[in-house]
Amino acid sequence: MNDMLDLFIAGGGAAGLTAAVYAMRSGLDFILADISSSMGSQIALTDEVDNYTGFDSVNGFELIKKFYEHAKSLGAPMVNDEVSLIEKENKSFNIKCANNEYRAKTVIYCAGATHRELGVKGEKEFSGHGVGYCAVCDGFFYRNKTVIVVGGGNTAVTDALYLSKICKRVIVVHRRDKFRADKGRVQKLINTENTEVIYSAELDEIIGDKTVKAVLLKDGRKIDADGVFIAVGVSPRSGAVKNIVKTDEAGYIIAGEDCQTSTAGLFAAGDVRTKALRQIITACADGANSVCGVTAYLESQDS
Ligand code: NAP
């Protein structure tokens, strides 16, 4: 067990790395831990970010690398470790990670969110053999092939656009007749020659032998495809704190713009908290606001 820290930052995405920059500038004694050595899991897997101020369009990995390098240049202490459980003991927190244990007076919990499964027959069976959740990671295997993308949000449309540059044909299957994704991005998809959209349709089953061969839709149609990318939303990674903080029904940690949670000293930032708009820019704002909350909380404890 390490000495008592002012702050422990759990997660190295946009919220966590921004918090690290602000914490360094505030002179806090802290550590940031992220499961990945390159940090920024969700963003790093995004091909094109076109709504972050100052960049017309930037690759997600390049953007998070800049965040990481900024924090590093200020000397932010960052470790590659997986946070498994955070417990509150009196006024401080015990943080159990895969490789180490920490104690801190405050925690900024910003572990983000992970992809949701669709839950159809064949999904689990063909996972890694034609069924994937990350276009940037696996798109390469579908060069000149036909793939299906399931979903109608920003992830589905961004993934479909990315795959259109690699694959022969990209078919987006969306359950409604209207996309949830940003209009500009949807228009780009519609204008892309080798893409098509099947509206108001849901998958019933993914079929194949050793790998995916086709999908069956609930209306009985069969669509031949070599791969299926599932982009039907995300679930919060709030498991490590769920025993000490209030969450909503979906597991998002209940917190407002000030990132204050139901537990004194515990702040939730980024995609893991309840919020209207899950974007890189709003995660960065959370990172800054949460450090402001941490500083005020520590001062209130000292006085
Ligand atoms: P999302 O916005 O929640 O969209 C999920 C999509 O999947 C929706 O279209 C939804 O349909 C559909 N869906 C959900 N369950 C389904 C099911 N069982 N069967 C079929 N379809 C289903 O999730 P996301 O696209 O992963 O995005 C998550 C957050 O990250 C969002 O806030 C998004 O804006 C943000 N994001 C931003 C960027 C960017 O700005 N560069 C890129 C990616 C993601 P309905 O529309 O009918 O609900």
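Scanning the range 138-153 for residues that are out of contact with any Gly (no Cβ under 9 Å at 6 or more places or on another chain) and either within 16 Å of the ligand (Cβ to nearest atom) or touching a residue at least 40 places away in the same chain (Cβ under 8 Å) (or both) yields VAL149, VAL150, GLY152. Residue count for the range 36-62 under the criterion of being among the hydrophobic types (A, V, I, L, M, F, W, C), part of a helix (DSSP H, G or I) and open to solvent by less than 40 Å² (accessible area, probe 1.4 Å): the result is 2. Scanning the range 59-86 for residues that are among the aliphatic types (A, V, I, L, M) and within 17 Å of the chain's Cα centre (by Cα) gives LEU63, ILE64, VAL83. Among the residues making up the range 270-289, those that are closer than 14 Å to ALA111 by Cα and either touching a Leu at 6+ places or on another chain (Cβ under 6 Å) or of a type in the set (Gly, Ala, Ser) (or both) are GLY270, ALA283, GLY287.
Screening ALA76, ALA15, ALA33, ALA71 for residues that are assigned to a helix (DSSP H, G or I), open to solvent by less than 30 Å² (accessible area, probe 1.4 Å), in the same structural domain as CYS284 (by TED's automatic domain parsing) and more than 16 Å from the ligand (Cβ to nearest atom) leaves exactly one candidate, ALA71. For the range 98-124, a tally of residues being in contact (Cβ under 8 Å) with a residue 24 or more places away in the chain, away from the ligand (no atom under 14 Å from the Cβ) and in a loop (DSSP other than H, G, I, E, B) returns 4.
Among residues belonging to the range 144-182 that are of a type in the set (Val, Ile, Thr) and not in a strand (DSSP E or B), point out the one that is most open to solvent (accessible area, probe 1.4 Å). Once the filter is applied, the top-ranked residue is THR155. Considering only residues that are part of a strand (DSSP E or B) and surrounded by fewer than 24 Cβ atoms within 10 Å (Cβ to Cβ), look in the range 245-265 and name the one that is nearest to the ligand (Cβ to nearest atom). Applying the filter and picking the extreme gives THR247. The residue of the range 20-30 that is nearest to the ligand (Cβ to nearest atom), among those that are assigned to a helix (DSSP H, G or I) and open to solvent by 50 Å² or more (accessible area, probe 1.4 Å), is TYR22. For the residues ALA156, ALA135, ALA201, the requirement of being in contact with a Leu (Cβ under 8 Å, 6 or more places away or on another chain), within 16 Å of the ligand (Cβ to nearest atom), at pLDDT 95 or above and not acidic (Asp, Glu) singles out ALA201. Taking the criterion of being modelled with pLDDT of 95 or more, assigned to a loop (DSSP other than H, G, I, E, B), closer than 20 Å to TYR133 by Cα and out of contact with any Pro (no Cβ under 6 Å at 6 or more places or on another chain), would at least one residue in the range 215-226 satisfy it? Looking for residues that are modelled with pLDDT of 95 or more, assigned to a loop (DSSP other than H, G, I, E, B), closer than 20 Å to TYR133 by Cα and out of contact with any Pro (no Cβ under 6 Å at 6 or more places or on another chain), one finds at least one in the range 215-226, hence yes.
The values are calculated or read from the model by the stated rules, or taken from the named source; none is laboratory data. All of these numbers come straight from a predicted model, not from anything done at the bench. Please note: Cβ atoms are built from the backbone with ideal geometry, for glycine as well, and neighbour counts cover all protein chains shown. Heavy atoms of the whole protein, side chains included, go into the accessibility calculation; ligands, DNA and RNA do not. Shrake-Rupley method; radii C 1.70, N 1.55, O 1.52, S 1.80 Å.
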